[in-house]
1. If you take the residues in segment 187-214 that are under 12 Å from residue 240 (Cβ atoms) and touching a His at 6+ places or on another chain (Cβ under 7 Å), which one is nearest to the ligand (Cβ to nearest atom)?
2. Working only within segment 481-518, note down all residues that are free of Cβ contacts under 8 Å to residues at least 60 places away in the same chain and either surrounded by 21 or more Cβ atoms within 10 Å (Cβ to Cβ) or assigned by TED's automatic domain parsing to the domain that holds residue 556 (or both).
3. Within segment 363-394, can you find the residues that are within 16 Å of the ligand (Cβ to nearest atom) and buried (at least 24 other Cβ atoms within 10 Å of the Cβ)?
4. Looking at segment 89-122 only, could you name the residues that are of a type outside the set (S, T, N, Q), assigned to a loop (DSSP other than H, G, I, E, B) and more than 14 Å from the ligand (Cβ to nearest atom)?
5. Taking strands (runs of 3 or more DSSP E) that do not extend beyond segment 177-233, which have at least 1 residues that are within 25 Å of residue 288 (Cα to Cα) and not aromatic (Phe, Trp, Tyr)?
6. Considering only residues of segment 227-260 that are crowded, with 17+ Cβ neighbours inside 10 Å and more than 24 Å from the chain's Cα centre (by Cα), which is nearest to residue 137 (Cα to Cα)?
7. Are any residues in segment 234-269 more than 16 Å from the ligand (Cβ to nearest atom), of a type in the set (Gly, Ala, Ser) and out of contact with any Phe, Trp or Tyr (no Cβ under 7 Å at 6 or more places or on another chain), and if so, which ones?
8. Quickly run through segment 328-363 and pick out the residues that are closer than 27 Å to residue 279 by Cβ, assigned to a loop (DSSP other than H, G, I, E, B) and within 18 Å of the chain's Cα centre (by Cα).
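The values are calculated or read from the model by the stated rules, or taken from the named source; none is laboratory data. What you see is a predicted model; the values in this text were computed from it and never measured. Here Cβ is always computed from backbone atoms with ideal geometry, including for glycine, and neighbour counts include all displayed protein chains.
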Amino acid sequence: MAEKLEVPVTERPGMAAASPVTRHPSPVTSHPSPVTSSSWWQRTTIYQIYPRSFLDSNGDGIGDLNGITARLDYLRDLGVETIWVSPFYPSPLADHGYDISDYCGVAPEYGTMADLERLLDETHRRGMKLLMDMVLNHTSDQHPWFVESRSSRDNPKADWYIWRDGKGDKPPNNWIALPGGRGWHYSRERRQWYMASFLPFQPDLNWRNPEVKQAMWDVVRFWLGKGVDGFRLDIFSSIMKDARFADNPFSPGLHAGGIPGLYKPSMQLNHPDTFALARELRQVVREFGEPERILLGEVFGSKEEHRQLLGGATNDGLNLVFIFDFHFLRRPQRTARFFRSVVRSFERHFPPPFQPTYVFGNHDQRRLMSKLENDAGLARVLAVFQMTVRGVPTVYMGEEIGMTDLFVPKERAQDPVSKLYDWVPDWVRGWLPVNLNRDQNRTPMQWEDGENAGFCPPGTTPWLPVNEASARTANVVAQQEDPRSLLNLYRSLLGLRREHAELHSGTLTLVEGLPESVLGYFRHFEGRRLLVLLNFAPASIELRLPESYSLLLGSAPECELVPGGVRLAAKSGVVLQVQ
Ligand code: NOJ
């Protein structure tokens, strides 16, 4: 439900004209609300670490587990509560770890099992949680299971992957690969086609085979037994496919993840059996009791499909799913109106006890600051938004210091997606909304302004080049010392969020009648209320408020309370407490 607040606008001389405001005669008192979130994972904040690029502790140019352990104090002081670490399993690294060849091991370049156990202990000792990345949909083509499966049509693992005869010399049907191109690949060895939802070297497991399911549940139990707090689940919506292998229907448009295509991949995405599998997996995870371990799905599809993955009405599927409405953040989306529409939609589809997630970037997407075309003011507005809206925020490492993408020419790219699109020239890539070279957003974390930005020792060659221009100001050391830095804003916001149950556990009501450039919402918890106001415009604005408030946080020094209201600096946000 939307809340109405009387907010006439006072324009200051020289200020850009604000859009007309709907005035409401009387302020509406907000209502006490029920407790909405009680489990740790509903209140938490997540920080994603791409381990290869976080911190190199042994001077080989590759980030590692000990590097993460060494920076746990940084993460605790930043105020994030859960870390999600991208894959560090043994892998031929054709997709940098999302192609696993041993599900119960640690790749030597990342460390040892003992290092992982220490990382887990140290994380828990600081009161934090650790999520691993689990790739259930596919393995590496070098995994012994696939090597065996491919070797003949009648070996013991013959049915562990999705094998079909073709139609003549054509693939079995029109299923696609998510990054583009067809999903089926021919094996001369077996003289059959196998399905791969991502790249050809990532064959899809056959989840209709009970042995596969059992083997993967054992993997899940293995890590839970070690004490991990849950998993981020890679392309979970792809796992179960149509059992009849029917063609995808003709339906030109933007499909899975905003990729254009002629056929809607409905026979291979969000199958009802995937919803059932989510429930089954939640039961496996529940075997480990309290505190609850969790499942966070990387999924694609409609909001209704997301809800089904969360278990539908019974809410007993995955705990959380990523919702990628901010994948592109193109100019028309960088407005209060767009953000308002997203909040409205998330509130409608994921009311309590569902908990939405708010994510602006990850190791696959362009970095937030680059999506915003380096608009530092807007980055601050979005930080206030992300930490105060109802949902679990996920920060991709480096977002908190405003790291930007680094242009990596395709000839030097390591990302297999870039190689897949080798025929697309660099100058065209810059204009495309989709990210064809994920190296640009995976460059090493910038700890300081110096050689290799503190990621690896001087004289070492990092696995991907450091973004030196960005590191001059976007680095941890410099920003820790500057009270007005983006890093310190994130810290203040995360601190505020911990302190105020309204923010981590309260309900949300949108404020109606605000100027076009302003987004506002109340957060309620047990009769207490906070009001968040975000000004997306490049000009300051004054809003008259019907009640008295104290200012808990302003993202710019010029944000202040004025008699009867509040002044928001250009591109700024405030958090106010109702007195
Ligand atoms: C999604 C992951 O985020 C991405 O990095 C990976 O390449 C694909 N899944 C395939 O596992």
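1. Only one residue tops the list, namely 197.
2. 502
3. Within segment 363-394, 367, 394 qualify.
4. Narrowing segment 89-122 to residues of a type outside the set (S, T, N, Q): 89-90, 92-100, 102-111, 113-122.
Then keep just the ones that are assigned to a loop (DSSP other than H, G, I, E, B); that gives 89-90, 92-100, 102-107, 111.
90, 102, 104, 105, 106, 107, 111 - these are the residues of segment 89-122 that are of a type outside the set (S, T, N, Q), assigned to a loop (DSSP other than H, G, I, E, B) and more than 14 Å from the ligand (Cβ to nearest atom).
5. 230-233
6. 241
7. 243, 246, 253, 261, 266
8. 350, 354, 355, 356, 362
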